[in-house]
Each structure stands twice: as C-alpha cells, then as structure tokens.
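Coordinate-derived values only; no laboratory data. Everything quoted here is computed from the prediction, not taken from an experiment. We place every Cβ from the backbone using ideal geometry, glycine too, and count neighbours over all the protein chains shown.
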Amino acid sequence: MARLWTGKGDDGTSGLLHGGREPKHAPRFDAIGAVDEAQAALGVARAEVPRGSELDEILVGLQRDLWVLMAEVATAEEHRDRLVPEASLVTEGMVDRLGRLADEVGGRFEPPREFVVPGQDRTSALLDLARTVVRRAERAAAAVAVPGSQVVPYLNRLSSVVWTLARWVEGEPLTARGG
C-alpha cells in the first residue's frame, strides 16, 4: 500500500511548487490555506445543488480556477518563469471571465438596494459563507502577491461572482432594514 504522507513537513516547513521550502507560518501559506478553505467552502455550496446543473458547472469551474491560483501563490518568485498561463498562472483573461459571469448572472434578477441578511435558503447561505472566505483569502493573498500578478484581482472579482450567485439563488432577499 502506498504511503500518503512524507513527513517532510515535520520540521515546520512546507515545500513550494518548483522548489524551495518555507516555514509553515509564512504569509504565503496563510494565503494558500485561505484559498484552500475558499475552494472547500464553494464545494460545500456545490454539494447542495443538482449535479450537472448550471450552478454546479459554474462552481466546479471556479474551484478549478482556484487550483491555478494556489499554484501561482505556491511558487517562489524566482521560479515564476515556470508557470503556465491558466494552468498554474492566473491571467487577466481569467479575471475578465469572472467579470462577464457576474454581469451575466446579475442580469437575471433585480439587485437589492441595501445590505442583505444571509440565510434565505441553505444554498445562498453557503455561498455567502464562501464569499466571506474568499474575502479572507484575498486579504491574505494581497500580502504575498508579486507586482503584476492577477491573484488579488481574481479573488476580488470572485467574491463579487459568489455574492451574485447567492442573490440569484435566493430569489427574494431579506434586506437589513426589512424594506
């Protein structure tokens, strides 16, 4: 039986993509961990929707994009030349696609004019929770993103997409002031 662990991290370090090691408490791993949590939170929301539905397919695509983003964050600056656009490097095109998705889905409903109270239904509540995790990932990634990287713009746009998906799913939102 194959062993599923290496023990290499027992010294308090973790390996980077394309080489190198850093302490597990390094800001890079805070960012990777937060993005990993965001991906899992999207998965929990996805578990609530029918397989093969439009929302399922959207969420799978977003989760796959987050693998690309994690690869970029997990790469030391001196190895960025090894990254492959849209496979291990977030591109401007990926960010643009998210903007178009937010606009397209947002055109399906009347946007609320005030803050929304999460929890109208389970799926929208899980999407709202995922959005907050994405926001945390964005803050963590901002601390480690290299100049010119599209990681932070991607996460910023992703939080907008997830908010839009939550509003679309819930239909009629409960607003903060009830009006």
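Relative to 2.2 N^0.38 Å, what does the C-alpha radius of gyration of the range 59-127 come to as a ratio? Two decimals please.
Scaled against compact globular proteins, the figure is 1.49.
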Q: Mind jotting down the distance between the C-alpha centroids of the range 1-49 and the range 61-126, whole Å?
A: 19
Q | Stretch gain in nm, segment Val146-Glu172, where the contour uses 0.36 nm per residue and the Cα spacing is subtracted | A | 5.3 nm
**Q.** Karplus (6.51, -1.76, 1.60) ³J(HN,Hα), θ = phi - 60°, over the range 21-36, in Hz, Gly and Pro reported as x
**A.** 9, 9, x, 4, 8, 5, x, 4, 6, 4, 5, 4, x, 5, 5, 4
Q: Note down the nm distance, to one decimal, between modelled labels 7 Å out along Cα→Cβ at Glu54 and at Trp67.
A: 2.6
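Order of Ser160, Ser53 from fewest to most other C-beta atoms within 10 Å?
By the 10 Å Cβ count, ascending: Ser53, Ser160.
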Q.
Pick from Gly19, Gly43, Gly93 the residue whose mean-square fluctuation is largest in a GNM of the chain, springs joining Cα atoms under 10 Å.
A. Gly19
Q: Using the number of other C-beta atoms within 10 angstrom as an exposure proxy, rank Ile58, Ile32 with the fewest first.
A: Ile58, Ile32
Q) Can you run phi through the Karplus equation (6.51, -1.76, 1.60; θ = phi - 60°) for the range 41-56 and list ³J(HN,Hα) in whole Hz, with x for Gly and Pro? A) 4, 4, x, 5, 4, 5, 5, 8, 10, x, 4, x, 6, 4, 5, 4
Q | Solution diffusion estimate, µm²/s, Stokes-Einstein, the range 1-120, Kirkwood Rh from C-alpha pairs, 37 °C, viscosity 0.692 mPa s | A | 192
Q: Determine the calculated [θ] at 222 nm for the chain from helices alone, applying -39500 (n - 2.57) to every DSSP H run no shorter than 4 residues and normalising by the residue count; nearest 500 deg cm²/dmol.
A: -18500 deg cm²/dmol
(Q) At a 10 angstrom cut-off on C-beta neighbours, averaged per residue, how do the peptides 106-117, 59-70 rank from highest to lowest? (A) 59-70, 106-117
Q) Peptides 170-177, 45-52: what's the order by average Cβ count within 10 Å, highest mean first? A) 45-52, 170-177
